[in-house]
């Protein structure tokens, strides 16, 4: 999916918006403006909740951009359960009323993780391998209503840095597993925006 596709309004928002807009128009024709107003206001709410604004992607090829809008809740050294390696884990909590689209933190190829961990607490991760041979894993957790995240990329595809690649309706939690020697540029409590804010820099010795 190209980064410029589905700008400003996420594609998953179109079906409910169009259905409500049709009902609002029908109510206006049959009963008048006053009866249709609540439906038009709901249409406006949908536009707000499903907004997907343009983001300026950094030009640095070794930069790792945030995969989601939200607040960094944890930065810690861990054992990556997907690739079985020492790594740094960044945990980002999305806002329930924020932008729900997720973006690729780097440019690279989608691969299948060595360990496919399933379950509510450890859902399936996406392995990204950059052209410089760096490995990252992005994990999208369920949203507020326990709805499953949507992933728009498949194994074997290439993605661009900052490209729209998923969606977590009502906001969820996103984890990023980075190479252990990455230079982390955020801390717990940092507010980040998907695609535009740099959360780390990949270090090559």
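The values are calculated or read from the model by the stated rules, or taken from the named source; none is laboratory data. All values reported here derive from a predicted model rather than from experimental measurement. Neighbour counts run over all protein chains shown; Cβ positions are idealised from the backbone, glycine included.
Considering only residues that are part of a strand (DSSP E or B) and at pLDDT 90 or above, which ones fall in the stretch 117-161?
126, 127, 128, 129, 135, 136, 137, 138, 139, 140, 158, 159
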For the list (1) under 24 Å from residue 180 (Cα atoms); (2) outside any loop (DSSP other than H, G, I, E, B); (3) at pLDDT below 95, I need the number of the one condition that residue 166 fails. (1)
Name every residue in the stretch 95-116 that is more than 15 Å from residue 154 (Cα to Cα) and at pLDDT 95 or above, in order of residue number. 105, 106
Would you mind telling me which numbered condition in (1) assigned to a strand (DSSP E or B); (2) surrounded by fewer than 21 Cβ atoms within 10 Å (Cβ to Cβ); (3) without any contact (Cβ under 8 Å) to a residue 60 or more places away in the chain residue 113 fails? (1)
Looking only at residues that are part of a loop (DSSP other than H, G, I, E, B) and over 20 Å from the mean Cα position of the chain (by Cα) in the stretch 176-201, which one is surrounded by the most Cβ atoms within 10 Å (Cβ to Cβ)? 182
